[in-house]
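Student: One structure follows; several queries about it will come next.
The values are calculated or read from the model by the stated rules, or taken from the named source; none is laboratory data. These figures come from a predicted structure and were not determined experimentally. All Cβ positions, glycine included, derive from the backbone under ideal geometry; neighbour counts span all protein chains shown. Accessible surface areas use protein heavy atoms only, side chains included; no ligands, DNA or RNA. Shrake-Rupley method; radii C 1.70, N 1.55, O 1.52, S 1.80 Å.
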Amino acid sequence: MLRGEGSVALVPTMGALHAGHEKLVQTACDAHSNAIASIFVNPTQFGNPADLEKYPRTEESDLEILDRVGVAAVFMPTATEMYPADEETIVETTHLAQKFHGAVRPGHFRGVATVVTKLFHITQADVAYFGMKDYQQLAVIRRMVRDLHFPIEITGVETVRDHDGLALSSRNVRLTPEDRTAAPVLYEALSQAENELKSGKTVEAAIEAIRRIIGTEPRATLKAIDVVNARTFLPAEGVPSEKVGMMISALFGEVLLIDQKEFTP
Ligand code: AMP
């Protein structure tokens, strides 16, 4: 039940909740009396139907977590409620959606922007919380909100990691034990690239370091590395003086993992 007056905060999720989601929800609950979590596995952001099919669904434990953290409401729509049969309207950040991770996942960010727009309108939230792990997603949403004058504030939350540095993700449960052991190579590569940039090396050298480290792990197939200016989201080059964001994605078996770091060199 929403609790009287006061601001409404929204935390959109696709369920299969872990400590990363919990941090987002906790941050929202700490700052707002009306924190709403949504759980919706959004079909339009999956390019591959098998990936959608295999997406983990753990409704019962999700609701337990959300109850324990203390949300005011949980919004769990069905696909037909979110997407009426004759619907035809989409929301797209036309350039940003095609670049970086968008280039290896065509249509993904259009699906995200469209469903997040629907969630913002349905919940009438004043503030929404998103994880920095999905770094380009956060940039897409910030740009959409700015460009379309949505009356909502967007807050990014730092990535929660496992003890060995692997970013928590609902997809991690699909990794084989061997791939799970290999997957922290993503964080290792990002950390090394951060050291390179902080010691005055170029973006090109940092990218090379990432390639080298991922190359030492035969279980990882690198899909994309991008280093951007955190403010403009344009590619960073040379020796950057402003804050940068590094994004990386790699396949372990058939599971695509992503990770990121943002820092001032
Ligand atoms: P998802 O359910 O994967 O769509 O994620 C829902 C929200 O949780 C998104 O804003 C994600 O960026 C965020 N999130 C996912 N993993 C983490 C993590 N390890 N740490 C912090 N936030 C996360």
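Student: Could you check the spin-label model distance between ASP126 and VAL74? Points 7 Å from the Cα along Cα→Cβ, value in nm.
Tutor: Spacing of the two 7 Å Cα→Cβ label points: 2.5 nm.
Student: Continuing with this model, one more query. Kindly provide the helix-only [θ] at 222 nm of the chain, computed as the sum of -39,500 (n - 2.57) over DSSP H runs of four or more divided by all residues, to the nearest 500 deg cm²/dmol?
Tutor: Numbers: 10 runs with 100 residues, N = 265.
It comes out at -11000 deg cm²/dmol, rounded to the nearest 500.
Student: Tally up the carbon and sulfur contribution to the accessible surface of segment 170-263 as a whole percent, 1.4 Å probe, everything protein left in place.
Tutor: Values: 2120 of 4250 Å².
In segment 170-263, the share of accessible area belonging to carbon and sulfur is 50 percent.
Student: I'd like the trypsin sites (Lys or Arg not before Pro) in segment 184-247 restricted to DSSP loop residues with at most 14 other Cβ atoms within 10 Å, sorted by number.
Tutor: Sites meeting the loop and neighbour criteria: ARG231, LYS243.
Student: Which angle from 0 to 90°, rounded to the nearest 10, does the C-alpha axis of helix 185-198 make with the longest principal axis of the chain?
Tutor: Approximately 70 degrees, to the nearest ten.
Student: Just want the answer: with Cβ charges of +1 for Lys and Arg and -1 for Asp and Glu, which residue in ALA73, PRO106, PRO177 is farthest toward the dipole's positive end in the chain?
Tutor: PRO106
Student: As an exercise, identify the GluC sites (Glu not before Pro) in segment 50-121 lying in DSSP coil whose Cβ has no more than 16 other Cβ atoms within 10 Å.
Tutor: Numbers: sites: GLU53, GLU59, GLU60, GLU64, GLU81, GLU87, GLU88, GLU92; in loops: GLU87, GLU88, GLU92.
Of the GluC sites (Glu not before Pro), the ones in loops of segment 50-121 whose Cβ has at most 16 other Cβ atoms within 10 Å are GLU87, GLU88.
Student: Kindly state, to the nearest 0.05, the FRET efficiency for GLU153 paired with ARG231, given R0 = 22 Å and r defined as their beta-carbon distance. Walk me through the intermediate numbers first.
Tutor: Working: r = 18 Å, r/R0 = 0.80.
Computed FRET efficiency for GLU153 and ARG231 comes out at 0.80.
Student: Using Cα pairs closer than 8 Å and at least 6 residues apart in sequence, work out the relative contact order for the chain, in percent. Don't skip to the answer; put the middle values down first.
Tutor: Working: 472 pairs, mean separation 43.4, N = 265.
Worked out over the chain, it gives 16 percent.
Student: Longer than 22 Å from Cα to Cα, which of LYS54/LYS118; LYS23/LYS261; LYS23/LYS201; LYS198/LYS223; LYS201/LYS243; LYS99/LYS261 are they? Say none if no pair is.
Tutor: Numbers: LYS54/LYS118 24 Å; LYS23/LYS261 18 Å; LYS23/LYS201 34 Å; LYS198/LYS223 25 Å; LYS201/LYS243 15 Å; LYS99/LYS261 18 Å.
LYS54/LYS118; LYS23/LYS201; LYS198/LYS223, as the Cα separations exceed 22 Å there.
Student: Could you please report the charge total around GLU262, scoring K, R as +1 and D, E as -1 over all other residues with beta-carbon less than 10 angstrom from its beta-carbon? Provide the component values of the computation, followed by the final result.
Tutor: Values: positive: LYS243, LYS261; negative: GLU158, GLU194.
After counting each charged neighbour, the total is 0.
Student: Counting only protein heavy atoms and using a 1.4 Å probe, what share of the accessible area of segment 8-157 belongs to carbon plus sulfur, as a whole percent?
Tutor: Numbers: 3670 of 6980 Å².
Of all accessible area on segment 8-157, carbon and sulfur atoms account for 53 percent.
Student: For the chain, what is the accessible area per residue in Å², given a 1.4 Å probe and the full set of protein chains? Don't skip to the answer; put the middle values down first.
Tutor: Numbers: 12670 Å² over 265 residues.
Here the residues of the chain average 48 Å² of exposed surface.
Student: Moving to a separate point now. For segment 140-187, with equal point scatterers placed on the C-alpha atoms only and solvent neglected, what are the log10 I(q)/I(0) values from the Debye formula at q = 0.14, 0.28, 0.29, 0.33 1/Å, to two decimals?
Tutor: The Cα Debye sum returns log10 ratios of -0.54, -1.01, -1.06, -1.24.
Student: Jot down the radius of gyration and Dmax of segment 120-265, Cα atoms only, both in angstrom.
Tutor: Every Cα atom of segment 120-265 included, Rg and Dmax give 16.3, 48 Å.
Student: Using Stokes-Einstein with the Kirkwood hydrodynamic radius over Cα pairs, what translational diffusion coefficient do you get for segment 1-136 at 10 °C and a viscosity of 1.306 mPa s, in µm²/s rounded to a whole number? Walk me through the numbers before you get to the answer.
Tutor: Values: Rh = 15.7 Å.
Approximately 101 µm²/s, per Stokes-Einstein.
Student: What is the diffusion coefficient of the chain in µm²/s, taking the Kirkwood radius over Cα pairs and the Stokes-Einstein relation at 25 °C with a viscosity of 0.890 mPa s?
Tutor: Numbers: Rh = 19.3 Å.
In µm²/s, the coefficient rounds to 127.
Student: Pop the C-beta distance of ARG212 and GLU59 into the FRET formula with R0 = 51 Å and round what comes out to the nearest 0.05. Mind dumping the intermediate values first?
Tutor: Details: r = 42 Å, r/R0 = 0.83.
Step by step, r from the Cβ atoms, then E = 0.75.
Student: What do you get for the angle between helix 19-31 and the principal long axis of the chain? Use alpha-carbon atoms, 0 to 90 degrees, nearest ten.
Tutor: The helix 19-31 is inclined about 50 degrees to the chain.
Student: Between THR176 and LEU52, how many nm apart are label points set 7 Å from Cα along the C-beta direction?
Tutor: The two pseudo-label positions are separated by 2.8 nm.
Student: What's the extension gain from ASP164 to SER199 if we count 0.36 nm per residue and subtract their Cα-Cα distance? Don't skip to the answer; put the middle values down first.
Tutor: Working: separation 35, 0.36 × 35 = 12.60 nm, distance 2.39 nm.
Full extension of this stretch gives 10.2 nm more.
Student: Rounded to a whole number, what is D in µm²/s for segment 82-136 from Stokes-Einstein with the Kirkwood radius over alpha-carbon pairs (10 °C, 1.306 mPa s)?
Tutor: Numbers: Rh = 12.5 Å.
Approximately 127 µm²/s, per Stokes-Einstein.
Student: Next question, about the same structure. Stick to the Cα atoms of segment 74-198, pair each with every other, and give me the Kirkwood hydrodynamic radius in Å at one decimal.
Tutor: Values: mean 1/r = 0.0594 Å⁻¹.
Answer for segment 74-198: a Kirkwood hydrodynamic radius of 16.8 Å.
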